[in-house]
There are 4 protein chains.
Amino acid sequence: MTDLRIGIVGVGAMGADHAERVARRTAGARLVAVSDPDTVRAEALATALPGDVRMIADPLELIADGEVDAVILASPGFAHAEQLFACLEHGKPVLCEKPLTMDAASALRVVEAEHKVGRSLIQVGFMRRFDPEYAALKELLASGELGRTLMLHNVHRNKSVAPTFRSEMIVRDSLVHEVDVARWLFDDEITRITVHAPKPTSLVADGVLDPQLAVFELANGAIADVEVFVNFQVGYEVRCEAVAERGSATIGLGSGVLTRAAGQWGGAMPADFRVRFERAYDIEVQRWVDAAVRGEIDGPSAWDGYAAAAVCEAGIESLTTGRPVDVDLADKRQILG
Amino acid sequence: MTDLRIGIVGVGAMGADHAERVARRTAGARLVAVSDPDTVRAEALATALPGDVRMIADPLELIADGEVDAVILASPGFAHAEQLFACLEHGKPVLCEKPLTMDAASALRVVEAEHKVGRSLIQVGFMRRFDPEYAALKELLASGELGRTLMLHNVHRNKSVAPTFRSEMIVRDSLVHEVDVARWLFDDEITRITVHAPKPTSLVADGVLDPQLAVFELANGAIADVEVFVNFQVGYEVRCEAVAERGSATIGLGSGVLTRAAGQWGGAMPADFRVRFERAYDIEVQRWVDAAVRGEIDGPSAWDGYAAAAVCEAGIESLTTGRPVDVDLADKRQILG
Amino acid sequence: MTDLRIGIVGVGAMGADHAERVARRTAGARLVAVSDPDTVRAEALATALPGDVRMIADPLELIADGEVDAVILASPGFAHAEQLFACLEHGKPVLCEKPLTMDAASALRVVEAEHKVGRSLIQVGFMRRFDPEYAALKELLASGELGRTLMLHNVHRNKSVAPTFRSEMIVRDSLVHEVDVARWLFDDEITRITVHAPKPTSLVADGVLDPQLAVFELANGAIADVEVFVNFQVGYEVRCEAVAERGSATIGLGSGVLTRAAGQWGGAMPADFRVRFERAYDIEVQRWVDAAVRGEIDGPSAWDGYAAAAVCEAGIESLTTGRPVDVDLADKRQILG
Amino acid sequence: MTDLRIGIVGVGAMGADHAERVARRTAGARLVAVSDPDTVRAEALATALPGDVRMIADPLELIADGEVDAVILASPGFAHAEQLFACLEHGKPVLCEKPLTMDAASALRVVEAEHKVGRSLIQVGFMRRFDPEYAALKELLASGELGRTLMLHNVHRNKSVAPTFRSEMIVRDSLVHEVDVARWLFDDEITRITVHAPKPTSLVADGVLDPQLAVFELANGAIADVEVFVNFQVGYEVRCEAVAERGSATIGLGSGVLTRAAGQWGGAMPADFRVRFERAYDIEVQRWVDAAVRGEIDGPSAWDGYAAAAVCEAGIESLTTGRPVDVDLADKRQILG
């Protein structure tokens, strides 16, 4: 089994984040190259990350490079079309941050070009489909347990955005996630859209329509409404409530899938510790591996294991006798110096 | 950079879970060997996982093996002592599932043996320290924002356990996690313990004391009470409420750290999308890598990117005109055949 | 101080509920008369309630009656206009369940007639304005703490309604509450309305449009969207989320006003026990009064007071000595026989 | 039906609150007399409240007064014994704020004296039994749905108390509520109590043990643990979690009874609007009555009813046509001047 060798085009905030992810938290992959117009930034990142990461100034060169098996595009949207065509040309799998391209016409040309290649190479970065909450919601709706889904009520809020973020960008960069969510959850196309603009918040520049309220109508007759508010001031918030014939389900409250069904509101209890602590185990092992490579440990020590054993012994005695029991612990300094 | 080569001793439920984790979700590590008294099970697992994983029947042979850099012990507690000594002897880093050993005396001998080796090789599997909620709680308490921590109220519930799980095991296998949590959060030792046994649930065998209520007294004068209830019937639940001089903080409700402070109850909003969707990005990229190796994609396609672009174009028109706008989408079958 | 003598017109579910309320839970008022086309039902209710309640078959006669100071109209909407004119004629204060009348034209005639009388006699039964959660939300928004209110997202769901409940009634009987809520919270008029009808739930008769999604545009440029779903199957649910320039506030989750503001989600802690237990005190005293009239008590007895004292005495001893203390309680049967 | 004529002894914070309650929010009762050592305060209150309320300086005179049918004792605890004996002597029903008396011995004498009178005259002010959440919890536990109740975990927190509030008062005035809750929920006596004192918060005077952790053992083998923390700084908080054989139920979170049972956490949806808005209706009618007596209205006007009708008419047109519809509203100033 050889690791997939990955090159990343664009190492601004998003691309640098992906670089960390590939280099430090992804199994079966290796970051081998990065590219960015800001070559200083790219070089610094390449140096900082573990492994041999090359800086290749020209993105098309990176895509064409024989040592690069697959590409992540985190470049600005306007650069996507050319880079995607290059990936298709070299037959390289590519994970492209949204938007695919800047308009529908060019996006359709990408679709057609990939179709001509004859195999699926392009994946778009609508990462919400991979969020455990969204995935659980999708599964619940697909199960039919709540009947047919009738409506979605969605909320998408950012704390704030750059003053250059204009009304159209709110649609193209923020609402676009909700477009994908609605299409994916309903497994259907949107046929009609209305975007309402209430009187904007006074905390944006003149002319920027923020917040917005979009209403999607789907081919199957369902409806989704979405608030997009990118200067909410409070924090980042993404919620989705699906309303179905026999109940509703909401995610984004930070507590899994909240359902209202069968006379009850609430959620599911985890069945066992592996569900509850899956992430804790993942982090524990990743950090133990990273520390072991450095010749260290990065977690509870043998002393912690010993002290716990001493307390448990006293606990068993207390359980048996019904009395408080003092814990008999060795003197740490005497043992460990 | 070479991957850390890991061997796992014991591939029951916990060990098999670790094997999956190392083989498929951990960067910088490779699973190279597994050992288990049930060699058929170990062999099957070795074959099922990606990469070359050897089955080595004898755990001590696995530990001694020159191709094994580090060891995870997921064997039964009674086998730990011998295996830990072997790891120390070969100078191998070891992640040992709790309990360290079966009693305080043998645990202390392990501590002393490691001390003699002269470097930290043993980490105990108290994985809660790595749970993001516990870590955030620890950080909040350590910040001093709520003042000195006075008490903990903890709850540890399992849906059910095997009928062979006796009163002492409830202390040694379940309560032990709470022992570590209290020691870790207070950064102090427990000096006294009382374990109360209310009249047991009727859903356990005669003589099993379940639930239990333990009260820990710490050297610094703080107190922690813990309910352990391993036949709760409902599901798995672990909660921890820390009560401090100026507020309280609770985790395990599934919604991050819930605080009561400064006249308010509630929690923090995530600052941005990377906080909220960190896991979604991790899963997206891991699944994209895995699929790319197979020559597939496993996520939103170019068509999904195109359809989103078409809806956004219509949305921008609606925003401008104030009217509903039909989405002009190409015929998918005509384009993709 | 003399009690206000109240007559109720219409004693179906809503009117009977009001009759109970006036007769048993309202200070300074007395129920003196009820009227209903179903005279048997009205008679039975009059007999069942405390005090002297007359049954007066003709509603106009009840309104005109010299012993009736004020009127509650819980008759069907189509009967309201005539009865309201009668109340105005006799100068009687009237609490009229919604809708005021069946259409805007007749409602306007009522407004004009009351104006001619020269004093406010008519109150409409939009009772949400009196709900503590709505009142707290209104107060919060009016305080300006969150900035100007930009949008409302409302949800109004019934478990189910009679099969005779048609699309128009959903607007007139259910949506009408949301109309008042939006007008009241924004203190402004609605200038435009769009009602979307997704493909209906399959659990209604053909032709009934349920659920509906209404979008209100207000004179001040704000927007409110409302889901009305009267056959939700799950239960009754009314929610209102106000989105303002610096935060949002949601009610109807059953936990007061949930805000998202200043980087936090959550709510206010009650300042003292009177806030938390106000209702408990009200109920305690009302039930004590009702029982005292019957020569009984309906709550904790002197024995309960004694037993609590005995436990507290032991508690103080335990606090002082640090040991468990047995409670010394007299033998109840020996004392009370 | 004649109103119960009530006299209140002690009109500090609690007594004044009861005076308001009886005078303004209680059906079938009338406040006729108040007594307080601070006669100026008592006189001012008597004057401020509606109806004819006499100030009677001597509490025993008030109790003996022929126009007083029943008594509420809100005097300090040390005065209770004498006043209770007076109530018994005159055969008057009395609602006595806790504590019944200052110690178990005197409380037992009250019990015996009432027993001699031969009928129940004394009710103790453990008002939590009347809190809708506690009542719902009691009902749930009594139903047996969750099996036998095994444990309670309770929390009782005040924002702060006067510096004169010493350790013993924390037991006698605060913990006493929890004593009653445990006795009432389990319908059993407490046989043993342990009160732990962790190192106190630094925000109390030297020598005050705050917080405290009490453990009650009941005759039936159940256990209750209670945190009492009267200088919590944050606000008032009272919680109770009952742990039973097949699930748990928690109140005091502000969202009704939160259960964990059958694999789910959550609560019940209200069945209909009367459950959800019961309080709103009560308040609406009480305020309408109070305003009607003053010749006013105190709620939505006829204009509000008309405006709602106009919006609904437009809404029905929109539902039929699928288009936005402008609302045709008369000019308010032209109509109402």
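Annotations
- Of residues in region A:277-289 being of a type outside the set (F, W, Y) and more than 15 Å from B:L31 (Cβ to Cβ), the one most open to solvent (accessible area, probe 1.4 Å): A:R287
- In the set (1) open to solvent by 40 Å² or more (accessible area, probe 1.4 Å); (2) in a loop (DSSP other than H, G, I, E, B); (3) β-branched (V, I, T), the condition left unmet by D:V234 is number (1).
- Of everything in region C:28-50 that is assigned to a loop (DSSP other than H, G, I, E, B) and within 14 Å of chain D (Cβ to nearest Cβ), the residue that is surrounded by the fewest Cβ atoms within 10 Å (Cβ to Cβ) is C:P50.
- So B:S35, is it closer than 22 Å to A:Q286 by Cα and of a type in the set (S, T, N, Q): yes
- If you check B:P93, B:P99 for being assigned by TED's automatic domain parsing to the domain that holds B:G10 and in contact (Cβ under 8 Å) with a residue 60 or more places away in the chain, only one passes: B:P99.
- Condition check for D:G266: closer than 23 Å to C:A135 by Cα and not aromatic (F, W, Y): no
- Test: B:E82 is open to solvent by 40 Å² or more (accessible area, probe 1.4 Å) and either in contact with an Asp or Glu (Cβ under 9 Å, 6 or more places away or on another chain) or over 25 Å from A:F273 (Cα atoms) (or both): yes
- In region D:101-137, the residues that are under 30 Å from C:E317 (Cα atoms), more than 7 Å from chain C (Cβ to nearest Cβ) and in a helix (DSSP H, G or I): D:A105, D:S106, D:R109, D:A113, D:Y134
- Check on B:L253, within 12 Å of chain A (Cβ to nearest Cβ) and open to solvent by less than 20 Å² (accessible area, probe 1.4 Å): no
- Test: residue in region D:264-285 that is β-branched (V, I, T) and in contact with a helix residue (DSSP H, G or I) (Cβ under 8 Å, 6 or more places away or on another chain): yes
- For C:A135, the test of being within 26 Å of C:T101 (Cβ to Cβ), without any contact (Cβ under 8 Å) to a residue 24 or more places away in the chain and not assigned by TED's automatic domain parsing to the domain that holds C:G91 is failed.
- Selection count where residues are open to solvent by 30 Å² or more (accessible area, probe 1.4 Å) and either at pLDDT 95 or above or facing chain A (nearest Cβ under 7 Å) (or both), scope region B:318-327: 2
- Of all residues in region D:15-24, those that are within 9 Å of chain C (Cβ to nearest Cβ) and crowded, with 21+ Cβ neighbours inside 10 Å total 4.
- Of the residues B:I63, B:I8, B:I72, the single one that is assigned to a helix (DSSP H, G or I) and within 27 Å of A:A280 (Cβ to Cβ) is B:I63.
- Hits in region A:158-172 (condition: in contact (Cβ under 8 Å) with a residue 24 or more places away in the chain and more than 9 Å from chain B (Cβ to nearest Cβ)): A:S160, A:V161, A:P163, A:F165, A:R166
- Scan of region D:111-140 for residues that are closer than 30 Å to B:M151 by Cα and open to solvent by 20 Å² or more (accessible area, probe 1.4 Å), ordered by number: D:R129, D:P132, D:E133, D:A135, D:A136, D:K138, D:L140
- Residue that is open to solvent by less than 30 Å² (accessible area, probe 1.4 Å) and closer than 28 Å to D:L4 by Cα, where the choices are C:I56, C:I63, C:I8: C:I8
- Failed item, numbered, when B:A292 is tested on (1) open to solvent by less than 50 Å² (accessible area, probe 1.4 Å); (2) under 30 Å from B:D131 (Cβ atoms): (2)
- Within region C:265-292, the set of residues being in a strand (DSSP E or B) and either farther than 30 Å from C:V215 by Cβ or more than 14 Å from chain B (Cβ to nearest Cβ) (or both) comprises just one member, C:A268.
- The condition of being under 19 Å from B:S143 (Cβ atoms) and outside the structural domain of B:R25 (by TED's automatic domain parsing) holds for only one of B:G299, B:G295, B:G247, that being B:G247.
- Reported count of residues in region B:295-317, each being open to solvent by 10 Å² or more (accessible area, probe 1.4 Å) and among the β-branched types (V, I, T), is 2.
- From the list A:R192, A:R183, the one residue that fits, being within 13 Å of chain D (Cβ to nearest Cβ), more than 24 Å from B:V275 (Cβ to Cβ) and basic (K, R), is A:R192.
- The selection criterion, being modelled with pLDDT of 95 or more and crowded, with 22+ Cβ neighbours inside 10 Å, does not hold for C:G221.
- When B:K116 is tested against (1) in the same structural domain as B:V257 (by TED's automatic domain parsing); (2) touching a helix residue (DSSP H, G or I) at 6+ places or on another chain (Cβ under 9 Å); (3) modelled with pLDDT of 95 or more; (4) among the basic types (K, R), just one condition goes unmet, and that condition is (1).
- Test for C:S255: is it small (G, A, S) and part of a loop (DSSP other than H, G, I, E, B): yes
- Residues that are under 24 Å from the mean Cα position of the chain (by Cα), at the interface with chain A (Cβ under 7 Å from one of its Cβ atoms) and assigned to a loop (DSSP other than H, G, I, E, B), drawn from region C:195-231: C:P211
- Subset of region D:1-14 (residues that are within 12 Å of another protein chain (Cβ to nearest Cβ), over 17 Å from C:A292 (Cα atoms) and either acidic (D, E) or touching a residue at least 12 places away in the same chain (Cβ under 8 Å) (or both)): D:M14
- In region B:162-177, the residues that are assigned to a loop (DSSP other than H, G, I, E, B) and crowded, with 18+ Cβ neighbours inside 10 Å: B:F165
The values are calculated or read from the model by the stated rules, or taken from the named source; none is laboratory data. Predicted model, so just to flag it, every value in this text is computed and none were measured. Reconstructed Cβ throughout: ideal geometry from the backbone, glycine too, with neighbour counts over all protein chains shown. SASA here: full protein model, heavy atoms, side chains in, ligands and nucleic acids out. Shrake-Rupley method; radii C 1.70, N 1.55, O 1.52, S 1.80 Å.
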